[in-house]
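The structure under discussion appears below in the form of structure tokens.
The values are calculated or read from the model by the stated rules, or taken from the named source; none is laboratory data. Fair warning: this is a prediction, and the values are worked out from it, not measured in the lab. Here the Cβ positions follow ideal geometry from the backbone for every residue, glycine too, while neighbour counts run over all protein chains shown.
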Amino acid sequence: MRIVAEDTMALVIDFQERLVPVIDRQEELIHNTEILIKGLQMLNIPMIVTQQYTKGIGMTVPALAELYGESFTYEDKVTFSCAEDEIILQKIKKTGKKNILVCGIEAHICVLQTVVDLIALGYQVILVEDCVGSRKEENRQIGIRRALQEGALSTSYESILFELTRVAKTDVFKSISRLIK
């Protein structure tokens, strides 16, 4: 199945100040996610940023929040699954998109439960594996495997950005190429 920009949105799940420092390979994860977000912005893909219990776990890390500039907003949640939060679910529905790119932490908790619930609601979920993390690599792998067993598609940030771009010799293609190099 071809993933096209017109039918796609993204969820950026819980990259928060008190959580990111304990995530395995967090520097690589943040680097990859920065590229993904910048590319999605170039492609005008709508994104929803979530934070789990902001009061206790903190804000989205500055490296990612700053990418949105003054327009940075987030949805606070206490449910592990974004789809079980009524405000987030309504925002997803309001986009009218059928494909949902998912990145975030932790792979085996909030990311996984979100993926399972979105698939149950009829969405095509695309898990951006190199933009998903957990405190332990084993839990990351378990979360990814389960998400794929539940029916999510797997991709990398580079693969999905070029798939959404579709055509070379455009300004967007050139910008994304520079971003990935």
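Figures for the structure shown
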| quantity | calculated |
| --- | --- |
| One residue from Glu86, Glu158 being under 28 Å from Pro21 (Cβ atoms) and not aromatic (Phe, Trp, Tyr) | Glu158 |
| Strands (runs of 3 or more DSSP E) (entirely within the stretch 73-176) containing at least 2 residues that are of a type in the set (S, T, N, Q) | 153-155 |
| Failed condition for Arg2, given (1) of a type outside the set (Gly, Ala, Ser); (2) over 14 Å from the mean Cα position of the chain (by Cα); (3) over 25 Å from Gly151 (Cα atoms) | (3) |
| Residue among Asp76, Asp85 that alone is surrounded by 17 or more Cβ atoms within 10 Å (Cβ to Cβ), at pLDDT 95 or above, over 20 Å from Arg145 (Cβ atoms) and of a type in the set (Asp, Glu) | Asp85 |
| Long-range neighbours under 8 Å by Cβ, at least six apart or interchain, first residue acidic (Asp, Glu) within the stretch 124-138, second not in a helix (DSSP H, G or I) | Glu129/Ser154; Glu129/Thr155; Glu129/Ser156; Asp130/Ser156; Glu137/Asp24; Glu137/Arg25 |
| Tally of residues being crowded, with 21+ Cβ neighbours inside 10 Å and farther than 27 Å from Glu84 by Cβ across the stretch 1-53 | 1 |
| Residues satisfying the stated conditions in the stretch 130-154, i.e. surrounded by fewer than 19 Cβ atoms within 10 Å (Cβ to Cβ) and either closer than 27 Å to Lys94 by Cβ or among the polar types (S, T, N, Q) (or both) | Asn139, Gln141, Gln149, Glu150, Gly151, Leu153, Ser154 |
